[in-house]
Amino acid sequence: MSIKVMLVDDQVLLRTGFRMVLAAQPDMEVVAEAGDGVEALEVLRSTAVDVVLMDVRMPKLDGVETTRRVCSGPNPPKVLILTTFDLDEYAFSGLKAGASGFMLKDVPPGELLTAIRSVHSGDAVVAPSTTRRLLDRFAPMLPSSVKEPQAQQLDRLTEREREVMILVAQGLSNGEIAAHLVLSEATVKTHVGRILTKLGLRDRVQVVVLAYETGLVRAGGGA
């Protein structure tokens with residue numbers, strides 16, 4: 001089955017370029033396009049989409065707010081934020097809004113295709129270490145007070161799961177966490193899976209964001 005992709009960008013030439021790259025893939029199909037967030041939300045009401053390539057700077061409704069609305073719906077498609085500048089505040093906001101990752105607009109075609117396949121299979125395409133750098137840079141923009149229900153979510157975790165969550169938020173891979181805690185990599189993977197389930201999170205990127213928002217990890221990566 002083909003991966004159904006939607007292109008959301010106000011630059012027609014950019015959409016054309018992406019469409020040509022995706023059309024050449026046997027496992028992908030561009031099923032919809034939109035020039036702004038309002039049009040994208042309207043199209044998504046009647047079109048089945050697996051992955052949305054979402055620009056952030058658009059008229060009428062920007063990509064961050066569009067992503068937030070898309071991801072809050074039932075069975076939402078995966079969203080890949082497209083940004084012009086690496087580590088900008090739009091990518092940060094997009095991740096908080098529910099995007100599965102972000103890509104630069106000048107990404108090589110091969111990397112873009114890999115990213116689309118990755119998020120379609122349920123993975124995040126932003127390395128936790130990259131997300132951590134984003135959050136370190138823009139953490140001052142976070143509210144100073146933590147919402148109580150949000151903080152209480154962490155009470156669902158065991159002590160070991162909290163340890164693993166902190167290390168995930170610091171950008172460590174499963175292998176690195178296993179070495180640090182003297183566990184098998186399979187055990188770490190199990191812990192990460194339980195963290196995602198207990199906290200209702202989609203991927204490791206959302207783990208990192210929540211760790212910062214609850215104060216479990218602070219700017220600079222410290223616990």
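The values are calculated or read from the model by the stated rules, or taken from the named source; none is laboratory data. The model shown is predicted, which means the values in this text are computed figures rather than measured ones. Cβ placement follows ideal geometry from the backbone for every residue including glycine, while neighbour counts extend to all protein chains displayed.
Odds and ends about this structure:
- Sole exception among (1) touching a residue at least 40 places away in the same chain (Cβ under 8 Å); (2) on the phi > 0 side of the Ramachandran plot; (3) surrounded by fewer than 16 Cβ atoms within 10 Å (Cβ to Cβ) for Lys60, by number: (1)
- No other residue among Leu167, Leu216, Leu181 is crowded, with 20+ Cβ neighbours inside 10 Å and more than 16 Å from the chain's Cα centre (by Cα) apart from Leu167.
- For the range 63-88, the candidate set comprises residues that are at pLDDT below 90 and more than 14 Å from the chain's Cα centre (by Cα); within that set, the residue that is surrounded by the most Cβ atoms within 10 Å (Cβ to Cβ) is Asp88.
- Qualifying residue in the range 56-66 (condition: farther than 29 Å from Glu213 by Cβ, outside the structural domain of Leu201 (by TED's automatic domain parsing) and either among the small types (Gly, Ala, Ser) or touching a strand residue (DSSP E or B) at 6+ places or on another chain (Cβ under 9 Å) (or both)): no
- Look at (1) modelled with pLDDT of 80 or more; (2) surrounded by fewer than 16 Cβ atoms within 10 Å (Cβ to Cβ) and you find that Ala151 fails only one, number (1).
- Those residues of the range 176-222 which are of a type in the set (A, V, I, L, M) and at pLDDT 90 or above, in sequence order: Ile177, Ala178, Ala179, Leu181, Val182, Leu183, Ala186, Val188, Val192, Ile195, Leu196, Leu199
- Enumeration of residues in the range 9-48 that are in contact with a Ser or Thr (Cβ under 7 Å, 6 or more places away or on another chain) and in contact (Cβ under 8 Å) with a residue 40 or more places away in the chain: Asp27, Met28
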